[in-house]
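What follows is a short report on a single structure.
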Amino acid sequence: MTTLKIAKETSDHHGRPRSDDPDTLVHAYDEERGAFPFHDHGTIGNETKYDVLPDLDWKDPAPGPRCATCLEGSRA
């Protein structure tokens, strides 16, 4: 697996913006595969939008709470 980057949700599955919310989840994103490796089918939801933050590795301090699924998967 490549170095994981942080992806921050920008809208939820209802299209509501979330990026300004300090409680917006961040996910682990594998840039090489173009997927979220710890989520089913490599996605975080069909309608969820996100921004990959290329300057932030998954192990760096996150700009929001980490997704529990990604956190567990990255520790395995």
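The values are calculated or read from the model by the stated rules, or taken from the named source; none is laboratory data. Here the structure is a predicted model, which means the values were calculated and not measured. Don't worry about glycine lacking a Cβ; one is built from the backbone with ideal geometry, like all the others, and counts go over all protein chains shown.
Points to keep in mind about this one:
- Per the conditions (1) exposed (fewer than 12 other Cβ atoms within 10 Å of the Cβ); (2) modelled with pLDDT of 90 or more; (3) touching a His at 6+ places or on another chain (Cβ under 6 Å), the sole criterion not satisfied by Glu32 is (3).
- Taken together, the residues in the range 35-58 that are in contact (Cβ under 8 Å) with a residue 40 or more places away in the chain and either within 18 Å of Thr3 (Cβ to Cβ) or loosely packed, with under 13 Cβ neighbours inside 10 Å (or both) amount to 8.
- Put simply, of Thr43, Thr24, Thr69, Thr48 the only residue that is touching a Phe, Trp or Tyr at 6+ places or on another chain (Cβ under 9 Å), β-branched (Val, Ile, Thr) and modelled with pLDDT under 90 is Thr43.
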